[in-house]
Protein chains: 2
Amino acid sequence: MLVQAAIRVIAAQGVAGATTRAIVAEAGMSLASFHYAFRSHAELMREVVSYVVDAEITSVFSSLRLGTDIRRALRDGLQAYLDYLIADPEHEQAMQELMHYALRTPGLESLAAEQYSAYLSGVVDVLTESAAAVPVEWAIPLPDIARLVVMTTHGVTLAWLADRDTAAAERVLDFAADSLAALAVLPIRSVT
Amino acid sequence: MLVQAAIRVIAAQGVAGATTRAIVAEAGMSLASFHYAFRSHAELMREVVSYVVDAEITSVFSSLRLGTDIRRALRDGLQAYLDYLIADPEHEQAMQELMHYALRTPGLESLAAEQYSAYLSGVVDVLTESAAAVPVEWAIPLPDIARLVVMTTHGVTLAWLADRDTAAAERVLDFAADSLAALAVLPIRSVT
DNA sequence: GTCATAATGGGTCAACTGTCCCAGACGTTT
DNA sequence: AAACGTCTGGGACAGTTGACCCATTATGAC
């Protein structure tokens, strides 16, 4: 698939390196085949941005599973994300670059907004899902919790990409898990 | 100055739009004058990255002033940053794009690391400065506090740039200020 | 097999990029 | 006035990019 080839190129070379020729080379195709499938390079990039949102959410935030110990569950989920980031830094780097690309490209600004709200609702889904097993009440609305999680991951991602300080990143996640857990209002074990 | 013209172009058009011609046009110069001052486009971009670090730190985080009410001081400082972001979104957008540009450009990766550590020590300076007036002790090392602040601002920046939800950003900052203030150990009013 | 459709390969084009060259203008020092 | 280095302007160059055209080859329905 050309879209996935494009994502690989972006991860390896950045958005600037994702030229039509580089993408078709990665996909093992010719230029003509590209313009047979897509009207233009911009059209492909639009699909790339749309695609990565869904893929990212399911692959990354699905590891966030709440349990009885909310702090530990949050911390484990955040650690899983950090492990994912360390294992494939270029991919997360590409995600943020694509976000900035969308913000800059006429006609794609709205997609950037959708991308972000998709992140949020993705985290909301995971939290809701987990809450089905062990009900948790939060001091603030669930979407706000999700926003804090997403904000944290993005911030930690940029920091780690810049200085590769894993220990510092983990200390940040410790703090984030502690602070978020403080927003959890443990439910009474009786029927409500 | 060509460096500042380049920053204006990047803020207006993004890093991809910061071509040599666009920069000299913004500066009102000719191409020859560019290559008289800089050996190459890459050399200018390196100076741009170096320049923005200092400028950014002094202009943004200087508003963070601690007082007796630590939570309020933190909240005010973060709000000042948000106001700054809203007043000139393209500038902060450019900062993050430049960070990603540095991370991708061979020979500039180390500059990205320096850029980030400069952010951190800038915040440390402000916090230390404020602590001189009203001494504050923290439950974790000061550089870690600074890292949390920087992480938060970057995360909030990306979120606001994507969905422009100012109210949500302010709720995030509420949470951040609360959580950070919880790390402050108020000093005893006697001599230690 | 035949034929229409889908898909591909090679080659070409204009536009844009970074870089460089060279003639000339400017200002300062003799 | 003359000479010097500093700086500027216009033009040109090769390389790369997105887009496109046309001839050719699979692919599959009948």
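The values are calculated or read from the model by the stated rules, or taken from the named source; none is laboratory data. Note that the structure is predicted; figures quoted are calculated from it, not measured. A quick note on method: Cβ atoms are made from the backbone with ideal geometry, for glycine too, and the neighbour counts reach across all protein chains shown. Heavy atoms of the whole protein, side chains included, go into the accessibility calculation; ligands, DNA and RNA do not. Shrake-Rupley method; radii C 1.70, N 1.55, O 1.52, S 1.80 Å.
Could you check the stretch A:147-173 and list, in sequence order, the residues that are within 9 Å of chain B (Cβ to nearest Cβ), closer than 27 Å to A:PRO135 by Cα and touching a residue at least 60 places away in the same chain (Cβ under 8 Å)? Those that are within 9 Å of chain B (Cβ to nearest Cβ), closer than 27 Å to A:PRO135 by Cα and touching a residue at least 60 places away in the same chain (Cβ under 8 Å): A:THR152, A:THR153. Cβ-Cβ distances below 7 Å connect the following pairs, each with a first residue in the stretch B:13-35 that is over 24 Å from A:LEU98 (Cα atoms) and basic (Lys, Arg), a second residue that is within 9 Å of DNA strand D (Cβ to nearest atom) and part of a helix (DSSP H, G or I), and a separation of six or more residues or different chains: B:ARG21/B:LEU31. Would you check if there is a residue in the stretch A:68-79 being surrounded by fewer than 19 Cβ atoms within 10 Å (Cβ to Cβ), within 21 Å of the chain's Cα centre (by Cα), away from every other protein chain (no Cβ under 14 Å) and of a type in the set (Gly, Ala, Ser)? No, there is no match, as no residue in the stretch A:68-79 is surrounded by fewer than 19 Cβ atoms within 10 Å (Cβ to Cβ), within 21 Å of the chain's Cα centre (by Cα), away from every other protein chain (no Cβ under 14 Å) and of a type in the set (Gly, Ala, Ser).
Here is a yes/no grid of residues against (1) out of contact with any strand residue (DSSP E or B) (no Cβ under 8 Å at 6 or more places or on another chain); (2) surrounded by fewer than 19 Cβ atoms within 10 Å (Cβ to Cβ); (3) away from chain A (no Cβ under 13 Å):
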{"site": "B:GLN13", "(1), (2), (3)": "yes, yes, no"}
{"site": "B:SER30", "(1), (2), (3)": "yes, yes, yes"}
{"site": "B:VAL48", "(1), (2), (3)": "yes, no, yes"}
{"site": "B:ASP88", "(1), (2), (3)": "yes, yes, yes"}
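When the stretch A:1-12 is filtered for residues that are in contact with a helix residue (DSSP H, G or I) (Cβ under 7 Å, 6 or more places away or on another chain) and free of Cβ contacts under 8 Å to residues at least 40 places away in the same chain, the ones remaining, listed by number, are A:ALA5, A:ARG8, A:VAL9. The stretch B:1-52 holds helices (runs of 4 or more DSSP H) entirely within its bounds, and those carrying 2 or more residues that are within 8 Å of DNA strand C (Cβ to nearest atom) and farther than 28 Å from B:GLY122 by Cβ map to B:20-27, B:31-37.
Please specify each residue of the stretch A:174-192 satisfying the condition of being crowded, with 21+ Cβ neighbours inside 10 Å and either facing chain B (nearest Cβ under 8 Å) or at pLDDT below 95 (or both). Correct list: A:PHE175, A:SER179. Among the candidates A:ASP178, A:ASP163, A:ASP125, the residue that is under 19 Å from the mean Cα position of the chain (by Cα) and of a type in the set (D, E, K, R) is uniquely A:ASP125. Number of residues in the stretch B:112-146 that are more than 10 Å from chain A (Cβ to nearest Cβ) and open to solvent by less than 40 Å² (accessible area, probe 1.4 Å): the value is 10.
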